[in-house]
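K.L.:
Below you'll find the structure I mean.
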Amino acid sequence: MGIYWVLLALFHVAVFVYTGNSCTVHIEKENDFVLFGQTAVLNCTSDCTNLSWETRLTKVRVSTDRTSNFSWVEVHVSEWEDSPIQCLATDDDIAVASVIPYVLPSGLDIDLKRELEEDEEHEVTCSVYGVAPVQYVILSVTRGGETFFRRIYEEDPRKGPQNLTETFKFNATRRDNLQDFACQVTLNLTNVPNTTVQSSPVTVRTYALPEDPRITAEMWLEKGTVTTISCEVPRAFPPDNIITVLSVDGFPNTSVTGNVSVSFNLDTNELPAGLHDLVCVSQVFRASKQSNMSIHIYEPPMVNLTVSSKVANLGDTVTADCNLIRGNADNFGLSISVDGEEVKRGESPDLTENIIITRRKANLTVACKILIRDNKKELLTKEETLTVQYPPEFSDGSCPDSIAWVEGKERMFGCRSEGNPTPEEECTLYPANWSLQTTTSFSAERNMSGTYTCQASNLIGTVNKSVKVTVQYPPGIPTVDIWTTSAISVGGFVNLTCHSDALPPPTYSWEIPPQAQVDFFRDNRSITIREASLYHNGTYTCHAKNKHGRSSTPQDLEVKSGVKDCTTLSIVLGCVGGAILVAIIIGAICYVYCQRDKKGFYPVGRNRYSGEIPMPEIKNAA
């Protein structure tokens with residue numbers, strides 16, 4: 001038991017000794033980037049014993065402070081491989097750091113054309129000389145100060161100075177114009193400033209000739225004329241750098257130079273007749289495009305037109321001859337048209353067509369046209385006018401079957417015919433033998449109504465047509481007829497009927513006394529009073545109206561009172577007084593007779609011959 005406690009005590013002493021002697025070693029920088037050929041200083045600290053340094057690099061100076069357990073070493077970086085440096089303690093503790101040499105590029109070039117065509121693929125090449133180590137290199141292409149392309153070499157193990165070349169491809173756009181392009185190398189080193197090197201910038205200009213020049217010119221030009229010829233370069237860029245030349249067969253006096261649009265007036269007298277080549281060339285930097293167009297300068301042709309007759313009747317045939325009398329028949333064709341409608345076309349110098357006259361038209365235009373064969377353009381027209389004769393003809397539009405006039409209005413008959421020569425018309429009313437000229441104005445009268453026979457005549461023929469004429473007129477003064485079964489008195493029957501002569505027939509309306517009750521009949525022509533009263537006294541006015549006017553007639557109506565009429569106050573009082581007097585007399589007589597003949601007493605309700613008069617039953621009309 002005593003041995004156990006001894007061994008346990010020795011174990012704790014050993015542990016205490018071992019624990020008390022442990023220490024750590026620390027180097028300030030684990031990785032130190034140093035320019036090749038220069039020196040690097042590393043610091044090492046420990047919390048226990050003496051420190052020392054081990055490295056394959058040449059130690060320039062070493063300094064150790066034993067009291068504070070601090071040491072530093074200055075080494076000369078002369079190897080391209082990473083060089084480990086060890087800081088050791090006497091207790092065999094160790095710390096390791098690396099010294100990594102680097103060097104910035106000795107040169108950096110950019111290879112890029114100064115002029116770039118839009119929408120085309122271009123290359124930019126960056127050449128880097130003498131940079132190390134490669135794995136930390138970032139190679140970029142900048143455009144306007146912003147990164148355009150980037151290449152990172154972190155997988156490249158090469159240590160010593162290297163030459164790098166990278167080519168990037170891109171399509172130029174209009175936004176690249178006047179931008180500065182540059183190559184740039186950055187060494188991605190921790191805590192090392194100013195590790196970026198950039199090449200001299202290259203300012204580029206972009207340009208575009210996306211389409212061929214567009215020439216605008218007439219293809220066929222008559223000798224002796226002046227015409228405008230122009231050329232435009234669509235969407236070309238930049239305009240100030242575009243050079244465009246427009247010329248005809250290279251003649252100095254028929255060319256012009258400009259930018260994206262050029263034009264000039266070409267005098268065809270300066271060129272011989274024949275085929276010429278019109279050329280437009282547009283150029284910007286290294287790009288050039290050309291368009292060609294052929295133009296024909298021709299001597300003015302002439303044509304002759306003859307017709308077999310200039311006057312023809314409907315149905316006749318007229319022959320038209322069209323002849324080219326000057327000009328190259330290989331270049332021109334002919335056509336014959338009637339009133340603008342082509343009836344024949346041919347390429348020979350002579351053209352003939354038989355024209356059948358089928359149109360009722362006083363004049364027909366026959367035309368002979370010269371056409372350019374290539375584009376059918378019309379150059380010259382010669383015309384002849386044919387006079388066509390045809391008999392008269394009435395149409396519903398110029399002479400309707402029926403006509404309405406208004407009495408008293410000035411007018412013409414309103415029936416015309418069509419024919420050549422111009423027909424003469426006359427319309428006659430039978431059997432009255434009343435004749436009217438269709439071109440002479442007159443005042444319409446009521447007796448002109450009837451069916452007329454209108455006749456039109458010219459040298460070619462005569463035609464007749466029946467026309468019904470109706471002369472309309474406003475209402476005349478109405479007549480009012482009064483009919484009654486007896487004298488117009490209270491309780492009598494009265495009818496008032498109105499009539500007015502008018503065409504078209506009029507419509508009727510009445511004005512009656514305010515409290516009069518009447519019945520209207522026969523389209524308001526008649527009014528009926530079934531039982532006249534003093535309220536029906538007054539004026540009854542009949543109005544007749546149609547679209548040409550209106551007329552009115554007033555009629556006074558007086559209703560006379562009879563014996564039975566008790567409507568006034570005095571008559572009513574007289575009637576009532578007389579009735580009372582008669583009743584008193586009759587009552588007195590009846591009383592005397594009843595008293596004289598009375599022989600007994602009879603209870604009321606038992607004698608069916610009592611003096612009570614039963615009332616009649618009144619039924620409601622409803």
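The values are calculated or read from the model by the stated rules, or taken from the named source; none is laboratory data. Owing to the predicted nature of the structure, the values given are computational and were not obtained by experimental measurement. Because the Cβ atoms are built from the backbone with ideal geometry, glycine has one as well, and the counts that use them run over all protein chains shown. Heavy atoms of the whole protein, side chains included, go into the accessibility calculation; ligands, DNA and RNA do not. Shrake-Rupley method; radii C 1.70, N 1.55, O 1.52, S 1.80 Å.
K.L.:
Rounding to the nearest 10 and keeping the result within 0 to 90°, find how far the Cα-based axis of helix 569-597 lies from the longest principal axis of the chain.
P.N.:
60
K.L.:
Which cross-chain or sequence-distant (5 or more) residues have an amide H under 5 Å from the amide H of His548, H modelled 1.01 Å from N in plane?
P.N.:
none
K.L.:
I've got another one for you. Around Ala172, which amide H atoms from residues at least 5 apart in sequence, or from another chain, sit under 5 Å from its own amide H, with H modelled in the peptide plane?
P.N.:
It is Asp119, Glu120, His122, by chain and number.
K.L.:
For the chain, find the longest principal axis of its Cα atoms and tell me its angle to the long axis of helix 2-21, 0 to 90°, nearest 10.
P.N.:
80
K.L.:
Gly160: net charge of surrounding residues, Cβ under 14 Å, Lys/Arg +1, Asp/Glu -1, itself excluded? Before the final figure, lay out the partial values.
P.N.:
Numbers: positive: Arg158, Lys159; negative: Glu79, Glu81, Asp82, Asp156.
Net of charged neighbours comes to -2.
K.L.:
Residue by residue through the range 291-304, which ³J(HN,Hα) values in whole Hz follow from phi under the Karplus form 6.51 cos²θ - 1.76 cosθ + 1.60 (θ = phi - 60°), with glycine and proline marked x?
P.N.:
Ordered by residue, 3J(HN,Hα) equals 10, 10, 8, 8, 10, 10, 9, 10, 6, x, x, 9, 9, 10 Hz.
K.L.:
Once phi is turned into θ = phi - 60°, what whole-Hz ³J(HN,Hα) does the Karplus curve with 6.51, -1.76 and 1.60 give for every residue of the range 76-87, x standing for Gly and Pro?
P.N.:
Karplus values, whole Hz, x for Gly and Pro: 9, 8, 10, 10, 7, 6, 5, 10, x, 10, 10, 10.
K.L.:
Would you mind checking which residues have amide H under 5 Å from Val34's amide H? H placed 1.01 Å from N; only 5 or more apart, or other chain.
P.N.:
Ile100, Tyr102
K.L.:
Working with all protein chains in place, sort Phe36, Phe170 by solvent-accessible area computed with a 1.4 Å probe, largest first.
P.N.:
Phe36, Phe170
K.L.:
In addition: Place a label point 7 angstrom from the Cα of Lys409 along the Cα-to-Cβ direction, then list the residues of the range 523-561 whose backbone nitrogen is under 16 Å away.
P.N.:
Under 16 Å, as judged by backbone N against the label point of Lys409, lie 546-550 of the range 523-561.
K.L.:
Still on this structure: Keeping all protein chains in place, calculate the accessible area per residue for the chain (probe 1.4 angstrom), answer in Å².
P.N.:
Details: 36620 Å² over 622 residues.
Computed with neighbouring chains in place, this is 59 Å² per residue.
K.L.:
Run the Debye formula on the Cα coordinates of the range 73-222, all scatterers equal and no solvent, and tell me log10 I(q)/I(0) at q = 0.09, 0.14 1/Å.
P.N.:
Those come out to -0.45, -0.77, one per q.
K.L.:
Compute the normalised compactness of the range 476-558: alpha-carbon radius of gyration over 2.2 N^0.38 Å, N being the residue count.
P.N.:
Computed over Cα atoms of the range 476-558, the ratio equals 1.10.
K.L.:
Share of the chain's accessible area from carbon and sulfur, percent, 1.4 Å? Mind showing how you got there, number by number?
P.N.:
Values: 18730 of 36620 Å².
C and S atoms contribute 51 percent here.
K.L.:
Quick one, what does Rg over Rh come out to for the range 235-375 if you take C-alpha atoms and the Kirkwood Rh?
P.N.:
Rounded to two decimals, Rg/Rh equals 1.24.
K.L.:
How much mean residue ellipticity at 222 nm does the chain get from its helices, if each DSSP H run of length 4 or more adds -39500 (n - 2.57) and you divide by all residues, to the nearest 500 deg cm²/dmol?
P.N.:
-3000 deg cm²/dmol
K.L.:
Can you pull the semi-axes for the range 322-405, root of five times each eigenvalue of the Cα gyration tensor, sorted largest first, whole Å? Provide the component values of the computation, followed by the final result.
P.N.:
Details: eigenvalues 309, 30, 17 Å².
They are 39, 12, 9 Å, listed from largest to smallest.
K.L.:
Among residues other than Tyr129 whose Cβ falls under 15 Å from its Cβ, what is the net charge (Lys/Arg +1, Asp/Glu -1)?
P.N.:
Charge balance in the 15 Å sphere: -2.
K.L.:
At what distance in angstrom do the alpha carbon centres of the range 236-264 and the range 67-125 lie from each other?
P.N.:
59
K.L.:
So, in Å, what gap is there between the alpha-carbon centers of the range 217-231 and the range 282-304?
P.N.:
Centre-to-centre distance over Cα atoms comes out at 9 Å.
K.L.:
Can I ask one more? Grab the alpha carbons of the chain, take their convex hull, and tell me the volume per residue in Å³.
P.N.:
Hull volume over Cα atoms, normalised by residue count, gives 709 Å³.
K.L.:
What distance in nm lies between label points placed 7 Å from Cα along the C-beta direction at Thr484 and Thr317?
P.N.:
Here the modelled spin labels are 9.2 nm apart.
K.L.:
If the viscosity is 0.692 mPa s and the temperature 37 °C, what Stokes-Einstein diffusion coefficient in µm²/s follows for the range 223-316 when Rh is the Kirkwood radius over Cα pairs?
P.N.:
204
K.L.:
Sticking with this structure for a sec: So for Val204, Val279, what's the accessible-area order with a 1.4 Å probe, most first?
P.N.:
Numbers: Val204 0, Val279 30 Å².
Ranked list, largest accessible area first: Val279, Val204.
K.L.:
So what are the ³J(HN,Hα) numbers for the range 355-362, from phi and the Karplus equation (6.51, -1.76, 1.60; θ = phi - 60°), rounded to whole Hz, Gly and Pro as x?
P.N.:
With the stated coefficients, the range 355-362 comes to 9, 8, 7, 10, 9, 7, 9, 4 Hz.
K.L.:
Against the globular-protein guess of 2.2 N^0.38 Å, express the Cα radius of gyration of the range 167-235 as a ratio, rounded to two decimals. The partial results should precede the final answer.
P.N.:
Details: Rg = 25.3 Å, N = 69, 2.2 N^0.38 = 11.0 Å.
Normalised Rg, Cα atoms only: 2.30.
K.L.:
So how much accessible area does Cys368 have, in Å² to the nearest 10, using a 1.4 Å probe?
P.N.:
Using a 1.4 Å probe on the heavy atoms, I get roughly 0 Å².
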